[in-house]
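Take a look at the structure below.
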Amino acid sequence: MGRPKATLPLGGGDTFLTRIVRTFRDAGVDDVIVVVGHDAEAIVAAFAESELPARFVRNAAYDRGQLSSLVAGLNAIDRPGVAAVLVTLVDVPLVSAATVRAVLDCYRVTRAPVVRPTSGTRHGHPLLIDRSLFDGLRRADPAAGAKSVVRAHASPAGDLPIGDEGAFTDIDTTEEYERWISSRPGGGAGWRDP
C-alpha cells in the first residue's frame, strides 16, 4: 500500500485503525489492544491524535507472520478472569458495532470455543476465541497461522450468520482500497489525504 494500512483514511476523520477501535469501544469492548510491528512508531503517533483509548503491544517478531502478532496480543491479555479474546485484522475496518456485539452475545450464550461471523461459506471478523484455545494458538505452526486451531474448534453453535458486509470486506491491496473509495458517495471525493 506504500504506507501502513492502519493509517489509511476512511473518511469522517477515521483511519482503518481508529475506525476499528471506535467500533469495538461502541460495542462495549473496554480493553482494546493494538499489536504493532512494522512502522510501529508511525502507527502509534497517528493513532494518538484520535485520543481514543487503546493499549499498544509491540511485536518485535512481526516478520514471522500474523500468528506472531496474535500470540503477542494473547500474552498481553492472558490473565485470570479473561474468558476469551476478540480478534480482527487491520484490513477489515468496516465491521459494524452491531456485529461485534452479536459475536460477543453469541459467545455469552453458547460458550462456543470459536465464534465468527458467517455468510454462506464465508467467514468474517471479528473472531472470538475462547481461553481454552490460547495454548493451542501459542503452539500452532507459524506457517499455518491460527487457521488450523480455529478450523479444528469451529462449530455450528459459533458460526453466526451476519448480514454485515463489513465483516467480510478485506481491503488488502491499493486496488481494493481505491475501488472501495471510488464506490463511496461522491466517487471518493474528500476521502483521500490532502
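The values are calculated or read from the model by the stated rules, or taken from the named source; none is laboratory data. The model shown is predicted, which means the values in this text are computed figures rather than measured ones. FYI the Cβ positions are ideal-geometry reconstructions off the backbone, even for glycines, and counts take in every protein chain you see. The protein model used for the area step is the full one, side chains on, heavy atoms only, and it has no ligands, DNA or RNA in it. Shrake-Rupley method; radii C 1.70, N 1.55, O 1.52, S 1.80 Å.
Worth a mention:
- 12 Å beta-carbon shell around Arg22, net charge (K/R +1, D/E -1): -1
- For the stretch 57-135, the Kirkwood estimate of the hydrodynamic radius, built from every pair of different alpha carbons, is 13.6 Å.
- Relative contact order for the stretch 11-73: 35 percent, from Cα pairs under 8 Å spaced at least 6 residues apart, divided by residue count.
- Read-out semi-axes √(5λ) of the Cα gyration tensor in Å, derived from the coordinates shown; its label in [x] 24, 20, 16; [y] 26, 20, 16; [z] 29, 21, 13: [y]
- Other residues with beta-carbon under 15 Å from the beta-carbon of Ala54 carry, at +1 per Lys or Arg and -1 per Asp or Glu, a net charge of -1.
- Solvent-accessible area of the chain (1.4 angstrom probe, protein heavy atoms only): carbon and sulfur portion equals 52 percent.
- For the set Asp91, Asp30, the ranking by accessible area, highest first and with no ligand, DNA or RNA atoms included, is Asp30, Asp91 under a 1.4 Å probe.
- Counting DSSP beta bridges with both ends in the chain, the antiparallel % (nearest 5): 55
- Heavy-atom accessible surface of the stretch 1-63, averaged per residue, reaches 52 Å², computed with a 1.4 Å probe.
- Cβ-placed point charges (K, R +1; D, E -1), dipole of the stretch 17-76 about Cα centre in debye, nearest 20: 160
- Measuring only protein heavy atoms, the 1.4 Å probe finds Asp135 accessible over about 80 Å².
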